[in-house]
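To keep things clear, I will list the structure first and then write my remarks on it.
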Amino acid sequence: MKRTTAGVLLAVVALTLTACGEEKQPPGADVIQTSAATSAAPEADVAADVKVTKCDSNSYTPKITIEVTNSTGEDARYAVTIAIKDAEGKAAGEALFAKNRMTPGQKVTEEIPGDTPVKGKITCEVARAKRLPPK
């Protein structure tokens, strides 16, 4: 009975948090760094740990290659959102990257798909980058 109540309570809290309206923010406005990984880099450097190396829409689904480097002296977890824009500069989707544990100095290069099909030329930029304690 306790498990069911706890599960329902957790679901209600999750729905409440996600039900809040999402306000569009400019790219980089959500760059966050927690205190667990702050010893080597100030908060503004989280986005500097992420580099878009390829932004391609040759096929129907955009493919973005990013390089993420843990610039801190501690293990860290990264969550990155890449904003995808169409040829006119309008928002056309996102691509998400998450890595639960990166050691100090570790560099990860990964190709990630966009969440929305886009035809034609696209551009990509880091919209949000978070460095959190590792899991």
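The values are calculated or read from the model by the stated rules, or taken from the named source; none is laboratory data. In this text, all values refer to a predicted model and were calculated from it rather than measured experimentally. Cβ coordinates were reconstructed from backbone atoms using ideal geometry, including for glycine residues, and neighbour counts include every protein chain displayed.
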When segment 45-68 is checked residue by residue, the ones that are free of Cβ contacts under 8 Å to residues at least 60 places away in the same chain and farther than 26 Å from LEU132 by Cα are ASN58, SER59, TYR60, THR61
Among (1) under 14 Å from the mean Cα position of the chain (by Cα); (2) assigned to a loop (DSSP other than H, G, I, E, B), LYS99 falls short only on (2)
Under the condition of being within 13 Å of GLU125 (Cβ to Cβ) and either among the polar types (S, T, N, Q) or in contact with a His (Cβ under 9 Å, 6 or more places away or on another chain) (or both), which residue from segment 45-90 is surrounded by the most Cβ atoms within 10 Å (Cβ to Cβ)? THR81
Need the failing condition index for LEU96 against (1) modelled with pLDDT of 95 or more; (2) under 21 Å from SER57 (Cβ atoms); (3) surrounded by fewer than 13 Cβ atoms within 10 Å (Cβ to Cβ), just the number. (3)
